[in-house]
There are 2 protein chains.
Amino acid sequence: MPYRSPVAELRFILDHVVPLAPVAQTDLFAEATPDTVEAILTEAGRLCDEVMAPLNREGDLHPPRLVDGAVIATPGFREAYQQIAEGGWVSVAGPVDYGGMGLPLTVAIAVNDMMAGANLSLQLNPLLTQGQIEALEHHASDALKEVYIPKLVSGEWAGTMNLTEPQAGSDVGALRARAEPLGDGTYAVTGQKIFISWGDSDLTANVCHLVLARLPDAAPGTRGISLFMVPKFIPDENGEPGEANAVKVVSLEHKMGLHGSPTCVMSFEGATGWLIGAPHKGMAAMFTMMNNARLNVGVQGIGIAEAAYQKAREYAQERVQFAPIIEHADVRRTLAEMKAELFAARSIALACAVALDMGRATGEEDWAARGALLTPVAKSFGTETGMWVADQGIQVHGGMGFIEETGAAQFWRDVRVTAIYEGTNGIQAMDLVGRKMADGGKAAFRLLQEIEDEARSARDGLPDLAGEVWQAAESLREHTEWMQGQDNADRFAGAVPYLRAFARVLGGHYHLRAALAEGGAGPRTALAAVYIRRLLPQAGASLAEAREGAAGLYALTDEDLAS
Amino acid sequence: MPYRSPVAELRFILDHVVPLAPVAQTDLFAEATPDTVEAILTEAGRLCDEVMAPLNREGDLHPPRLVDGAVIATPGFREAYQQIAEGGWVSVAGPVDYGGMGLPLTVAIAVNDMMAGANLSLQLNPLLTQGQIEALEHHASDALKEVYIPKLVSGEWAGTMNLTEPQAGSDVGALRARAEPLGDGTYAVTGQKIFISWGDSDLTANVCHLVLARLPDAAPGTRGISLFMVPKFIPDENGEPGEANAVKVVSLEHKMGLHGSPTCVMSFEGATGWLIGAPHKGMAAMFTMMNNARLNVGVQGIGIAEAAYQKAREYAQERVQFAPIIEHADVRRTLAEMKAELFAARSIALACAVALDMGRATGEEDWAARGALLTPVAKSFGTETGMWVADQGIQVHGGMGFIEETGAAQFWRDVRVTAIYEGTNGIQAMDLVGRKMADGGKAAFRLLQEIEDEARSARDGLPDLAGEVWQAAESLREHTEWMQGQDNADRFAGAVPYLRAFARVLGGHYHLRAALAEGGAGPRTALAAVYIRRLLPQAGASLAEAREGAAGLYALTDEDLAS
């Protein structure tokens, strides 16, 4: 029962739920015609199904090894990666000037969704490169761009992000790595970094590390952080990998999942680095990379949800206990809810991507603000959906779900990290209620208004479903208004449940659109009803939780929590 | 940061929330005085903390091995098991006539809770023996009792359950193992069984398999199943392990977690067996064993929740990002909700045990019915709480949660199976809305009436909290009434969310009692407020989901689910 890339489903959403058409009508993305998108998704889907998915369990069973200081990837990964690179899949949205396809981020997101479902560990490698390309485009000097971007776009070289240190996780400003200017325009970068995904491998001829470090005169905290390019091999005068840099892989982590992706402890020992962007402005450059990565991590969750759903559904059709278990009401409810959640999460992620594309192509601030607003929602809800669907997938398999050979367990183990990396989901929620609403929630209210308007218009055709979406949006709007008057502690105490409610309402909105697209009768409408009538009520419970604020939590002392 | 058995917490619940006092006032359990219980829990707690917990990660890293057809347990497990057996911990509730302590099941449950938190894999071995003792007590001939029960009570021998076959999981009636009478009162048992926990080991001198199989004249389905005792070594005339029986361990499963517990594929090849109970009445005998096991599996979830909570809280106090992360509102909310859920699940399990003890000691049908009603709730909610708390524990640890050395991941991997074995949580929920309400829901309505009455009485002291519990119970009562008029498909479609709502309301009830026990002010009250105001609203969402019934699910065809 192999994985099948959801090409048709992605096409449906981009045609009818979160239309790509307005993006393709911009000058910048005029080439993203329906035919091109169809061809891209079909071709990428073939690679996912035939090359990447068959290696997924290999990565779990045969993790990369650290041999004489170098990482040897899972057998087969190198050859599969070659096909990813040669197909141009590292830079679907990469800059045309440097050899990329220049397609909308939305199309890249759709491809990443399929690749994540096929093989999350392997997919993570080019994903990191994509973020690095974007950071270099925006912040690197032309000279550095010329050297690095073409090699990254072609997939000959890979990119990594080096932020975390043992004492500096969510508090990036606590990092200690330092960079000393050498007088020739380069810097000696020294420090230890942890949790570096694909910190080394034999997939590519070079590994390009973007490293956060402090210059000698740096202020404390995040205002004193600069970004450096520190390649594994220093490019020679021809731009080819030359002398080895003073970068070492100290060890590989033993993780719960995502075994096929080497998670490295890296040591920079006076390694030669080049400053990216202005001194002390490293966080801004890093955020360019992280914003791309955040949405893409949400999409990793969605890809795993797809793969886990496919496997569970197929098992439920084949496994007979009295009858095929898919006929049992409880299993059927579980599968229907899995599918409904997956659709919601995928639509939210694609809506985020469309907004970012529109923002870039039109320069309109409203689109950019919507993309920024939806990024933490897409990240958190996508990853929570990945975990929930994978968990339900285990349950559908019964005892077989707990046996590793089945593969259902691997999905859960792999996807679990997505709720943690690129900013934990708690951090995402704080971003949503904090920074993304610092303007009084303008972007949120604009979106809620659209949801309510559409629901009102839909009342003729789908009175029950539209009414419930309208009511849920209205409750969310009231809560969002209330929140504007609260202090940070109260907002943050309810941030995670608030984000959940936000995502739930958005999901209802997109399900309603899908139902309307088939005229209010058919399988899309039936799925919308599953979501809106069975799952959307959770939004109310989440808002009740969010409304409680912080005081009740601090009424429990540390000692109370320990007793 | 070692595990510490929650002796004081268990004492508090048994003193104030789910009083053990009425049990100790019965003739049968007159010895269960507060002093005795205190001594038992303290002593068991020491064994858990000092002997079992330090081996927990060993089991994960060094699973049992199959060597020459015999299972060699994780290094250290044999010695630890000796201490469990010598301390009498295999049969806290075991029959006094055969060497057991004869204490209430409630006390055994409290001990099992602590042992599960310390080392789930090892704890599972004596847990299965406890169930077997109960099955033999009720169904075996006196001759068999004399041979087996003393050895099981002392822990010299271990017991297993052999139900599942590849084609017969939840549909036990599909099993094919057969038993031929040999004319001398014994039977030749032949067949393959899968998922047999602790199917063999070197912890004990003998392993006693209770095996479901069909006699030659058996009817199809569950009415044609008989139960047999098939020992690994056939007891000789002195009752000591003699000749090896024709029982083989074919292989060990590779599981997601619970690595320290060998999960065996067993082959019975004309093995000598003895009939337990009447021919064709094996299911009844098996249910005696399974009912005990179901509650105890719920308690496994609770034990893991305790261990995972302790680890996450300690990490949150020590890990500094800006400030100790326990001071961050989102982490604090997470920890408070973990603790609140744990208290709720533990109280439900102990309430179930008290009801079963009272039923046994008084012979009153109402108590027995309450115990039967609460068993699937305790199993499902205990295991869901274990998974949820372990999952949140990973999240609190951030990146470290995904690294195996931390230990947070193991809790989740280990506990995941508890929602599956001894009847999946879906099966439990069907039991609740089906068999346990076949009498029109009498036991449920009686319990709900008590909850409402107590909430009404509490309104003077705790108006807000009591009002919300009353309202939630009232909604649950209305739904339960509605459900009596529905057919099985509609009940079953909503069974899982209904069980969740049921457990949520019960949790509110016990939190209210805890708050009242401290006079309505203090940490118990603060924790009750966290539960009642932030988590109890989920009951409404669950009931909305449950109310939807089956029709909407079958509106989606198999093809719709596959597209």
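The values are calculated or read from the model by the stated rules, or taken from the named source; none is laboratory data. The structure displayed is predicted, hence computed values, not measured ones. Cβ: placed from backbone, ideal geometry, glycine included. Neighbour counts: every protein chain shown. Quick note on the areas: whole protein, heavy atoms, side chains included, nothing else; ligands and nucleic acids left out. Shrake-Rupley method; radii C 1.70, N 1.55, O 1.52, S 1.80 Å.
Below are the figures for this structure:
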read-out: Rg over Rh [alpha-carbon atoms, Kirkwood Rh] for the range B:231-372; value: 1.15
read-out: Cα gyration tensor category, rounded, prolate or oblate, for the range A:97-200 with a/c compared to 1.5; value: oblate
read-out: For the range A:158-280, convex hull volume per residue from C-alpha positions, Å³; value: 103
read-out: Centroid-to-centroid separation of the range A:315-383 and the range B:501-527 [C-alpha atoms, Å]; value: 37
read-out: Solvent-accessible area lost in complex, 20 Å² minimum, residues of the range B:317-341 relative to chain alone, 1.4 Å; value: B:Q317, B:R319, B:Q321, B:F322, B:I326, B:E327, B:A329, B:D330, B:R332, B:R333, B:A336, B:K339
read-out: Estimated vicinal HN-Hα couplings, Hz - the range A:221-233 in sequence order (Karplus 6.51, -1.76, 1.60; Gly, Pro = x); value: x, 6, 7, x, 10, 10, 10, 10, 8, 10, x, 4, 10
read-out: Solvent-accessible area of B:K339 with every protein chain in place, 1.4 Å probe, in Å² to the nearest 10; value: 30
read-out: Angle in degrees between helix A:105-118 and the longest Cα principal axis of chain A, rounded to the nearest 10; value: 90
read-out: Accessible area of the range A:426-553 belonging to carbon and sulfur atoms, whole % at 1.4 Å probe; value: 50
read-out: Helix axis angle, B:538-547 relative to chain B longest principal axis, alpha carbon, degrees; value: 60
read-out: Per residue solvent-accessible surface (Å²) - the range B:424-551, probe of 1.4 Å; value: 34
read-out: Chain B, relative contact order in percent, only Cα pairs under 8 angstrom and at least six apart counted; value: 13
read-out: Accessible-area composition of the range B:158-280, carbon plus sulfur, in percent [1.4 Å probe]; value: 52
read-out: The range B:17-51 versus the range B:196-243: alpha-carbon centroid distance in Å; value: 33
read-out: Cα shape, the range A:503-563, gyration tensor, a/c 1.5 rule; value: prolate
read-out: For the range A:426-553, radius of gyration divided by Kirkwood radius, i.e. Rg to Rh on alpha-carbons; value: 1.02
read-out: Using θ = phi - 60° and Karplus 6.51 cos²θ - 1.76 cosθ + 1.60, couplings along the range B:58-73 (whole Hz; Gly, Pro as x); value: 4, x, 5, 7, 10, x, x, 10, 9, 10, 6, x, 10, 8, 9, 6
read-out: Residue of chain A whose Cβ sits closest to the axis mapping A onto B, with distance in whole Å; value: A:A541, 2
read-out: Surface per residue (accessible, 1.4 Å probe) for the range A:158-280, Å²; value: 35
read-out: A versus B: buried accessible surface, summed, Å² (probe 1.4 Å, to nearest 100); value: 7300
read-out: Residues of the range A:532-563 buried by at least 50 Å² on assembly (accessible area, 1.4 Å probe, chain alone as reference); value: A:R533, A:R534, A:A541, A:E545, A:E548, A:L553, A:Y554, A:L556, A:D558, A:L561
read-out: Whole-percent pair-distance distribution, where bins are 10 Å wide, for the alpha carbons of the range B:431-495; value: 22, 44, 24, 10, 0
read-out: log10 of Debye I(q)/I(0), alpha-carbon scatterers only, for chain A at 0.06, 0.07, 0.10 Å⁻¹; value: -0.29, -0.40, -0.83
read-out: Å² of accessible area per residue within the range B:7-143, as computed with a 1.4 Å probe and no ligands counted; value: 38
read-out: Measure of compaction for the range A:342-393 (Cα Rg per 2.2 N^0.38 Å); value: 1.28
read-out: Nearest-10 value in Å² for the accessible area of B:L356, using the 1.4 Å probe; value: 60
read-out: Area of B:H62 that stays accessible when all protein chains are in place (1.4 Å probe, Å², to 10); value: 90
read-out: In the range B:318-408, chymotrypsin sites (Phe, Trp or Tyr not before Pro) in a DSSP loop with at most 15 other beta-carbon atoms within 10 Å; value: B:F322
read-out: At R0 = 30 Å, FRET efficiency that the Cβ-Cβ distance of A:D202 and A:N238 yields, to 0.05; value: 0.85
read-out: Share antiparallel - DSSP beta bridges, the protein assembly as shown, percent rounded to 5; value: 80
read-out: Shielded residues, the range B:185-210 - accessible-area loss of 30 Å² or more between chain alone and all protein chains, probe 1.4 Å; value: B:F195
read-out: The protein assembly as shown: C-alpha gyration tensor shape, a/c 1.5 cut-off, then a/b vs b/c; value: prolate
read-out: Helix A:77-86 axis, angle to chain A major axis (alpha carbon atoms, nearest 10°); value: 90
read-out: Over the range A:1-134: Rg over Rh, Cα atoms, Kirkwood Rh; value: 1.01
read-out: Helical contribution to [θ] at 222 nm, DSSP H n ≥ 4, -39,500 (n - 2.57), averaged over the protein assembly as shown, rounded to 500; value: -17500 deg cm²/dmol
read-out: For B:E165, distant residues with modelled amide H under 5 Å away; value: B:I194
read-out: GluC sites (Glu not before Pro) within the range B:215-275, DSSP loop, no more than 15 other Cβ atoms inside 10 Å; value: B:E237
read-out: Reach of A:K193 by Cα under 23 Å, taken over lysines that are not fewer than 8 positions away in the same chain; value: A:K232, A:K248, A:K255, A:K281
read-out: Amide H within-cut-off set for A:V71, under 5 Å, with H built and near neighbours excluded; value: A:S201
read-out: Label spacing, shortest first and in nm, from A:D558 to its equivalents in the remaining copies (7 angstrom along Cα→Cβ); value: 5.9
read-out: Note, ³J(HN,Hα) from phi for the range B:466-472, Karplus 6.51, -1.76, 1.60, rounded to Hz, x at Gly and Pro; value: 5, x, 6, 5, 4, 5, 5
